[in-house]
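Have a look at the structure below, then the notes.
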Amino acid sequence: MSNSPSTNATAFQPQLKIPATYMRGGTSKGLFFNIHDLPKAAQQAGESRDNLLLRIIGSPDPYGKQTDGLGGGTSSTSKTVILSESDKEDHDVDYLFGQVSIDKAFIDWSGNCGNLSAAVGAFAIAAGLIDASRIPYNGFAVVRIWQVNISKTIIAHIPICNGQVQEIGDFELDGVTFPAAEIKVEFVAPSDASNAMFPTSNVVDQLHVPDIGTFKATMINAGIATVFLDAQALGYLGTEGQEAINSDLAALQKFETIRAYAALKMGLIDDLAQAASRQHTPKIAFVSPAQDYTASSGKSINKAQIDLNVRALSMGKLHHAMMGTAAVAIGTAAAIPGTLVNIAAGGGEHQSITFGHPSGTLKVGAKAIQQQGQWIVEKATMSRSARILMEGWVRVPASTI
């Protein structure tokens with residue numbers, strides 16, 4: 001009996017070689033592609049594109065590690081971005097985001113990634129997608145981004161030095177180990193494509209979840225569809241870290257069930273079963289008044305530093321910091337009197353707040369106004385950073401598409 005490998009040279013199976021850039025944006029990482037570099041079959045939405053990106057990231061992986069791909073086994077590192085020139089007036093690039101499931105064969109295209117939004121402008125410049133006349137030799141390049149998933153505008157202010165994107169700096173972002181250059185990001189009119197900031201028309205609803213309970217909930221479309229609950233009502237302090245939640249399988253199932261019922265009430269799904277294939281939205285988060293706690297880095301957070309505490313789940317797990325889009329939802333909800341976020345922040349009027357998350361703190365700003373009885377937020381702002389980690393080619397079996 002031969003112990004030699006069973007490879008048959010006549011049955012050689014080639015790999016595709018696709019230009020790609022691996023970037024950190026905020027507290028997330030993802031694979032960035034210029035749409036023109038993708039195989040023709042993957043340049044439009046559909047099964048070919050999904051299969052290609054799933055295989056590149058390494059999903060579905062029943063081991064949850066994405067070892068045979070470029071994903072990192074967490075929701076923050078299982079992400080893809082496709083950029084192209086925009087044909088929208090007063091926009092430079094179209095930004096399409098795909099949240100790749102780790103253990104299932106699907107990509108959720110239903111929402112944006114606010115953290116990676118900070119990297120879009122830098123990638124667009126590096127990829128030659130921005131007209132050279134819009135890039136100063138020194139200063140800030142203003143990149144006008146059309147967010148395809150939610151049909152919204154994002155403005156990124158990218159620092160430029162000697163005609164190149166300045167990535168290195170002294171801006172510190174909790175949840176990111178090393179400092180970098182600050183990128184200011186503006187989310188213009190951040191309610192999603194439905195244009196209904198509060199899909200139920202209420203700033204607080206009673207959300208009934210069979211066999212679990214009835215909870216006060218603020219359900220909002222801003223940055224990303226998000227349902228906010230009160231930490232105490234769930235039996236939490238609001239200062240919990242990842243281990244306290246993610247090691248509790250019963251708690252994770254409870255959160256997922258609540259999220260599914262919230263999605264139904266928000267009109268995001270027509271049937272509870274659809275929630276399983278829509279993991280990216282809505283997000284679910286819980287809030288509490290400002291309290292002292294110790295961040296995951298070991299840093300002590302004093303309640304005097306923050307307005308409230310927020311913990312949020314992404315793709316079924318407590319996030320290690322805060323999703324950028326959820327931060328937009330937090331800032332927007334805090335600006336509107338009577339929401340659970342606003343109440344946790346002490347009530348009153350807020351044009352900016354600083355909230356505590358598992359890795360530290362984050363400041364986000366939003367200005368809300370009422371027009372004809374409806375709440376409108378013109379824009380939400382936050383600071384992030386971004387850096388190219390790797391650029392070159394990613395390889396994937398040609399049989400994938």
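Name, by its number, the condition in (1) buried (at least 20 other Cβ atoms within 10 Å of the Cβ); (2) under 22 Å from residue 241 (Cβ atoms); (3) under 17 Å from the mean Cα position of the chain (by Cα); (4) not acidic (Asp, Glu) that does not hold for residue 316.
(1)
Hey, any hits in the stretch 339-353 for a residue that's open to solvent by 10 Å² or more (accessible area, probe 1.4 Å), within 22 Å of the chain's Cα centre (by Cα) and either of a type in the set (Phe, Trp, Tyr) or under 23 Å from residue 200 (Cα atoms) (or both)?
For the stretch 339-353, residues open to solvent by 10 Å² or more (accessible area, probe 1.4 Å), within 22 Å of the chain's Cα centre (by Cα) and either of a type in the set (Phe, Trp, Tyr) or under 23 Å from residue 200 (Cα atoms) (or both): present.
Scan the stretch 194-211 for residues that are open to solvent by less than 60 Å² (accessible area, probe 1.4 Å) and outside any loop (DSSP other than H, G, I, E, B) and report the count.
At the first step, the residues of the stretch 194-211 found to be open to solvent by less than 60 Å² (accessible area, probe 1.4 Å) are 196-200, 203-205, 207, 209-210.
Restricting the remaining residues to those that are outside any loop (DSSP other than H, G, I, E, B) gives 205, 207, 209.
Count: 3.
Within the stretch 304-311, can one find any residue that is open to solvent by 30 Å² or more (accessible area, probe 1.4 Å), part of a helix (DSSP H, G or I) and closer than 25 Å to residue 179 by Cβ? Give the derivation first.
Step one: filter the stretch 304-311 for residues open to solvent by 30 Å² or more (accessible area, probe 1.4 Å), giving 304-305, 307.
With part of a helix (DSSP H, G or I) added as a condition, the list becomes 304-305.
Filter once more, so that each one left must be closer than 25 Å to residue 179 by Cβ: 304-305.
Scanning the stretch 304-311, I find at least one residue that is open to solvent by 30 Å² or more (accessible area, probe 1.4 Å), part of a helix (DSSP H, G or I) and closer than 25 Å to residue 179 by Cβ, so the answer is yes.
Among the residues of the stretch 72-79, are any β-branched (Val, Ile, Thr) and surrounded by fewer than 21 Cβ atoms within 10 Å (Cβ to Cβ)?
Step one: list which residues in the stretch 72-79 are β-branched (Val, Ile, Thr), which gives 74, 77.
After this cut, where a residue has to be surrounded by fewer than 21 Cβ atoms within 10 Å (Cβ to Cβ) as well, the list is 74, 77.
Yes, because at least one residue in the stretch 72-79 is β-branched (Val, Ile, Thr) and surrounded by fewer than 21 Cβ atoms within 10 Å (Cβ to Cβ).
Take the stretch 214-225 and flag every residue that is surrounded by 15 or more Cβ atoms within 10 Å (Cβ to Cβ), at negative phi and not β-branched (Val, Ile, Thr). Steps first, please.
Applying the first criterion (surrounded by 15 or more Cβ atoms within 10 Å (Cβ to Cβ)) to the stretch 214-225 yields 215, 217-225.
Still in the list and also at negative phi: 215, 217-222, 224-225.
Within the stretch 214-225, 215, 217, 219, 221, 222, 225 meet the criteria.
So residue 353 fits all but one of (1) in contact with a helix residue (DSSP H, G or I) (Cβ under 8 Å, 6 or more places away or on another chain); (2) in a helix (DSSP H, G or I); (3) of a type in the set (A, V, I, L, M); what number is the exception?
(2)
Return a yes/no flag: does the stretch 333-342 have any residue that is touching a residue at least 40 places away in the same chain (Cβ under 8 Å), in a strand (DSSP E or B) and not hydroxyl-bearing (Ser, Thr, Tyr).
No, because not a single residue in the stretch 333-342 is touching a residue at least 40 places away in the same chain (Cβ under 8 Å), in a strand (DSSP E or B) and not hydroxyl-bearing (Ser, Thr, Tyr).
Take the residues in the stretch 270-291 that are open to solvent by 10 Å² or more (accessible area, probe 1.4 Å) and of a type in the set (A, V, I, L, M); name whichever of them is nearest to the chain's Cα centre (by Cα). First the steps, then the outcome.
Pass one, the stretch 270-291, residues open to solvent by 10 Å² or more (accessible area, probe 1.4 Å): 270-274, 276-279, 289-291.
Within this subset, residues satisfying the condition of being of a type in the set (A, V, I, L, M) are 272-273, 276, 290.
On the way: 272: 23, 273: 23, 276: 18, 290: 24 Å.
Among those residues, the one meeting the criterion is 276.
Could you tell me which numbered condition residue 214 fails, if it satisfies all but one of (1) hydroxyl-bearing (Ser, Thr, Tyr); (2) in contact (Cβ under 8 Å) with a residue 40 or more places away in the chain; (3) not in a loop (DSSP other than H, G, I, E, B)?
Here residue 214 clears every test but (2).
Residues of the stretch 105-144 being more than 15 Å from residue 25 (Cα to Cα), of a type outside the set (Asp, Glu) and under 16 Å from the mean Cα position of the chain (by Cα), which ones?
Selection gives 107, 109, 110, 111.
Mind listing whichever residues of the stretch 84-104 are among the hydrophobic types (A, V, I, L, M, F, W, C) and over 16 Å from the mean Cα position of the chain (by Cα)?
Just the residues of the stretch 84-104 that are among the hydrophobic types (A, V, I, L, M, F, W, C), to begin with: 93, 96-97, 100, 102.
Selection gives 93 alone.
So which residues in the stretch 292-303 are part of a strand (DSSP E or B) and open to solvent by less than 70 Å² (accessible area, probe 1.4 Å), if there are any at all?
Initial filter on the stretch 292-303 (part of a strand (DSSP E or B)): 293-294, 300-301.
293, 301, listed by residue number.
Output the residue which, of all residues in the stretch 356-386 that are open to solvent by 40 Å² or more (accessible area, probe 1.4 Å) and not polar (S, T, N, Q), is nearest to residue 71 (Cα to Cα). Spell out how you get there, then give the answer.
Step one: filter the stretch 356-386 for residues open to solvent by 40 Å² or more (accessible area, probe 1.4 Å), giving 363, 367, 369-376, 378-379, 381.
Keeping just the survivors that are not polar (S, T, N, Q) gives 363, 367, 369, 373, 375-376, 378-379.
On the way: 363: 28, 367: 36, 369: 40, 373: 44, 375: 38, 376: 37, 378: 35, 379: 32 Å.
Ranking the qualifying residues of the stretch 356-386, first place goes to 363.
Only residues that are touching a Lys or Arg at 6+ places or on another chain (Cβ under 6 Å) and open to solvent by less than 30 Å² (accessible area, probe 1.4 Å): list them for the stretch 387-399, please.
Listed by number, the list holds a single entry, 396.
If you check every pair at least six apart or on different chains, which have Cβ atoms under 8 Å apart with a residue in the stretch 252-266 that is modelled with pLDDT of 95 or more first and a residue that is among the polar types (S, T, N, Q) and open to solvent by less than 10 Å² (accessible area, probe 1.4 Å) second?
Every condition considered, the pairs that remain are 263/281; 266/221.
List every residue pair whose Cβ atoms sit under 7 Å apart, with the two residues 6 or more apart in sequence or on different chains, where the first one lies in the stretch 384-401 and is at pLDDT 95 or above and the second, anywhere, is small (Gly, Ala, Ser) and open to solvent by 30 Å² or more (accessible area, probe 1.4 Å).
388/126
Name the one entry in 83, 31, 54 that is outside any strand (DSSP E or B), surrounded by 20 or more Cβ atoms within 10 Å (Cβ to Cβ) and out of contact with any His (no Cβ under 9 Å at 6 or more places or on another chain).
Just a single option satisfies the conditions, and that option is 54.
Working carefully through the options 205, 211, 170, 174, find the one that is acidic (Asp, Glu) and at positive phi. Break it down into steps so the answer makes sense when it comes.
Values: 205 fails: at positive phi; 170 fails: at positive phi; 174 fails: at positive phi.
Just one listed residue meets the conditions, 211.
Output the residues belonging to the stretch 277-313 that are within 15 Å of residue 242 (Cα to Cα) and of a type in the set (D, E, K, R).
Passing the criteria: only 311.
Restricting attention to the stretch 57-71, report how many residues are open to solvent by less than 60 Å² (accessible area, probe 1.4 Å) and under 23 Å from residue 120 (Cα atoms). Working first, answer last.
Looking only at the stretch 57-71, we keep the residues that are open to solvent by less than 60 Å² (accessible area, probe 1.4 Å), and these are 57-59, 61, 64, 66, 69, 71.
Remaining after also requiring under 23 Å from residue 120 (Cα atoms): 57-58, 69, 71.
Going through the stretch 57-71 one residue at a time, the tally reaches 4.
Could you please let me know if residue 228 is of a type in the set (A, V, I, L, M, F, W, C), open to solvent by less than 20 Å² (accessible area, probe 1.4 Å) and under 19 Å from residue 344 (Cα atoms)? So that I can check it myself, show each step before the final result.
Numbers: of a type in the set (A, V, I, L, M, F, W, C): yes; open to solvent by less than 20 Å² (accessible area, probe 1.4 Å): yes; under 19 Å from residue 344 (Cα atoms): yes.
For residue 228, the condition - of a type in the set (A, V, I, L, M, F, W, C), open to solvent by less than 20 Å² (accessible area, probe 1.4 Å) and under 19 Å from residue 344 (Cα atoms) - is met.
The values are calculated or read from the model by the stated rules, or taken from the named source; none is laboratory data. Being a predicted model, the structure only gives us computed values, none of them experimental. Note that we place each Cβ from the backbone using ideal geometry, even for glycine, and neighbour counts take in every protein chain shown. What goes into the accessible areas is simple: the full protein's heavy atoms, side chains included, and nothing from ligands, DNA or RNA. Shrake-Rupley method; radii C 1.70, N 1.55, O 1.52, S 1.80 Å.
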